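Take a look at the structure below.
The values are calculated or read from the model by the stated rules, or taken from the named source; none is laboratory data. No experiment lies behind these values; they were computed from the predicted model shown. Please note: Cβ atoms are built from the backbone with ideal geometry, for glycine as well, and neighbour counts cover all protein chains shown.
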Amino acid sequence: MKTLSLIAILAMILTLSAGTGLAELVIHESFLYPSDAGTLLYGQTATGKGLSGTWGSWRTTASLIVATNSSLTYGSLVTSNRQVQLVYRGFGQGDDVTAPLSTATQNILGNNGSTYWYSVIVRTPASYETGRQLRLYYDRGSTYLLGGFRINDTGTLQAMVGSAAGTASAAIPANTNILVIMKITRARNLNYVTNEVWYYDTQVVPSSAPADGTGSAVVADPGTGNLPQTFKFQAYVPGNGQVARPFIVDEFRGGTTFADVVPVIPEPAFIALLALGGLLLRKQF
């Protein structure tokens with residue numbers, strides 16, 4: 001009887017633990033880089049899963065920095081205590097930072113008929129300002145933008161494929177931690193890409209995938225070429241003289257299912273159950 005009870009408890013622990021750990025993600029960037037004040041992400045070796053090479057920029061004076069700040073969280077999502085701060089520059093086209101995708105990741109994400117989910121935590125600026133945008137996307141070199149999203153200077157979210165954009169979302173509150181979810185599908189045997197993007201601002205982690213057709217969606221042909229080449233954040237400023245009001249970004253995850261990209265911290269009751277299982281095992285053996 002004791003053996004059967006122990007087996008039942010262990011089976012329960014294994015079942016509950018199946019959804020609590022980090023999944024085997026295709027891409028995962030927590031920005032765990034040196035985080036002294038003012039440290040540039042530019043020039044550092046990319047250590048995120050699915051990335052390779054070093055972080056670069058179209059400007060050698062890239063101002064995107066790694067910061068230590070535990071305030072960038074979203075509900076019970078698993079996060080690290082570092083993130084990247086996208087500081088707008090006061091000239092030209094803003095700034096960006098880019099890491100090459102590994103060859104294996106390029107091949108995975110470029111498969112015809114493939115669908116991948118993505119999540120990222122974003123801290124919106126203290127206030128929105130005309131001309132300022134945040135963009136996050138995959139870059140395909142000569143065709144520039146493959147697929148991603150932008151948060152506009154009015155605080156609305158849009159899905160992007162090439163130069164095509166989906167309808168704008170409702171206004172996103174300023175100075176708020178939000179969770180952005182993105183779903184990208186490559187059409188089988190065609191070059192068309194479907195991209196749909198959603199955001200959440202309640203600090204409640206969604207328990208299931210959002211329904212198709214409820215986010216900002218766009219279907220477009222991003223141009224010639226087959227594979228995404230780089231992963232890019234861009235702080236975009238089309239004019240001069242704006243005051244720096246940075247976005248902060250953390251925990252970019254990509255996987256084959258929605259559940260892959262929203263890992264949560266185990267509930268206290270689950271942790272207690274693990275402890276109980278350990279005690280029972282110790283007593284049994």
Query raised in the report: Looking at (1) in a loop (DSSP other than H, G, I, E, B); (2) modelled with pLDDT of 75 or more; (3) not β-branched (Val, Ile, Thr), which is the one condition that is false for Arg89?
Result: (2)
Requested in this report: Kindly check whether there is at least one residue in the range 203-217 that is of a type in the set (Val, Ile, Thr), in contact (Cβ under 8 Å) with a residue 12 or more places away in the chain and surrounded by fewer than 14 Cβ atoms within 10 Å (Cβ to Cβ).
Outcome: yes
Query raised in the report: Does Ala104 qualify as being among the aliphatic types (A, V, I, L, M), modelled with pLDDT of 70 or more and out of contact with any Lys or Arg (no Cβ under 6 Å at 6 or more places or on another chain)?
Result: yes
Report task. Evaluate the range 191-202: report whether one residue or more is free of Cβ contacts under 8 Å to residues at least 40 places away in the same chain, among the charged types (D, E, K, R) and surrounded by fewer than 21 Cβ atoms within 10 Å (Cβ to Cβ). Result -> yes
Report task. Quickly run through the range 209-234 and pick out the residues that are part of a loop (DSSP other than H, G, I, E, B), modelled with pLDDT of 95 or more and of a type in the set (Ser, Thr, Tyr). Result -> Thr214
Query raised in the report: Among the residues of the range 3-22, is there at least one that is modelled with pLDDT of 50 or more and within 26 Å of Gln203 (Cα to Cα)?
Result: yes
